[in-house]
Amino acid sequence: MSDHEQQPAPRRGKILEALARAERKVFTRPAPKSANAQVKFLLTRMKKTAKDLAEHVGTSTRTIERYRAGKLKTPQKRLQAALVEATESEWQPQVRAQARERASTSGGMSVEVTAYFGFTCTGSSDDGRERQITTDISPYYVKQILALQDAGATEEELHPIVAEAIVESYFTDWGTRADGLRADFTAVTKIDFRF
C-alpha cells in the first residue's frame with residue numbers, strides 16, 4: 001500500500017455510533033487532536049508496532065512513522081477519521097467504564113430517537129409511523145445494550161433491544177398501560193444516547 005492509498009474508514013450503524021458519541025461526552029479531558037499526538041498516543045496505549053497501527057487505521061507503516069516523527073502534519077480525511085476513532089476508543093477507559101457501570105446499575109441513560117415505529121398488540125393501537133421520542137432507558141436495558149455492544153453485536157441485533165427499552169419506558173410507561181404492546185423500529189433517522 002502506498003503512502004497515499006488508504007482503506008475506507010469502517011462505518012458503524014447509527015445505534016453503535018450514538019453509543020460511541022455518548023461515551024465521548026463523558027470525557028473529562030479532551031483527546032489528542034493532532035495526528036502526531038494521536039499516533040504517539042495510540043502506539044503507547046495500544047502497545048502496537050507502527051505496522052500494526054498502520055493496518056488498524058488503513059495506511060502504510062511509513063506514513064505512521066512520518067506522523068510519529070512530525071514530518072507529516074495533516075492527514076487525508078479518511079486517515080484523520082480513523083485516527084480520531086481509534087484515539088477516542090482508547091481515550092480515558094476508566095472514565096468510560098465508570099459511566100457505563102453507573103448507567104447499567106443505577107442511573108440508566110436517555111435516548112432521543114427519530115425513527116419509524118411499527119406496533120403489534122392485543123386490542124388496537126395507532127398505525128406505525130415516524131416518531132420523534134425522547135425517553136429514559138432503565139439500567140436493566142442499558143446493561144443488555146452495552147453487553148451486546150461489547151460482544152460485537154451488529155446494528156440489526158441492537159434494534160430489538162433498543163425498541164423494547166423504548167416501548168417499556170415511553171409507550172407502556174414501565175408496564176402500567178398498553179399491556180402486550182410490541183414495537184419495532186426501522187428507518188432510524190437520528191439517535192442519541194446520554195449517560
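The values are calculated or read from the model by the stated rules, or taken from the named source; none is laboratory data. What you are looking at is a predicted structure, and each value in this text was computed from that prediction instead of being measured. Cβ coordinates were reconstructed from backbone atoms using ideal geometry, including for glycine residues, and neighbour counts include every protein chain displayed. Accessible surface is based on the protein model in full, side chains and every heavy atom, while ligands, DNA and RNA are left aside. Shrake-Rupley method; radii C 1.70, N 1.55, O 1.52, S 1.80 Å.
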Residues being more than 13 Å from the chain's Cα centre (by Cα) and either of a type in the set (A, V, I, L, M) or modelled with pLDDT of 95 or more (or both) - total across region 152-161: 1
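Here is a yes/no grid of residues against (1) in a loop (DSSP other than H, G, I, E, B); (2) closer than 16 Å to Lys14 by Cα:
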| site | (1), (2) |
| --- | --- |
| Ile145 | no, yes |
| Gln149 | no, yes |
| Glu156 | no, yes |
| Val167 | no, no |
| Tyr170 | no, no |
| Arg177 | yes, no |
| Ala183 | no, no |
| Ala187 | no, yes |
| Phe193 | no, yes |
Inter-residue pairs, beta-carbon under 6 Å, first open to solvent by less than 60 Å² (accessible area, probe 1.4 Å) and in region 91-112, second hydroxyl-bearing (Ser, Thr, Tyr) and outside any loop (DSSP other than H, G, I, E, B), 6+ apart: Glu112/Thr134
Members of region 154-177 that are farther than 15 Å from Ala115 by Cα and crowded, with 17+ Cβ neighbours inside 10 Å: Glu168, Ser169, Thr172
Filter result for the condition that a residue is more than 26 Å from Tyr140 (Cβ to Cβ), modelled with pLDDT under 95 and either open to solvent by less than 60 Å² (accessible area, probe 1.4 Å) or within 24 Å of the chain's Cα centre (by Cα) (or both), over Met1, Met46: Met46
Test: residue in region 30-40 that is open to solvent by less than 40 Å² (accessible area, probe 1.4 Å) and within 30 Å of Glu156 (Cβ to Cβ): yes
Residue list for region 62-72, restricted to those being in contact with a helix residue (DSSP H, G or I) (Cβ under 7 Å, 6 or more places away or on another chain) and surrounded by fewer than 16 Cβ atoms within 10 Å (Cβ to Cβ): Gly70
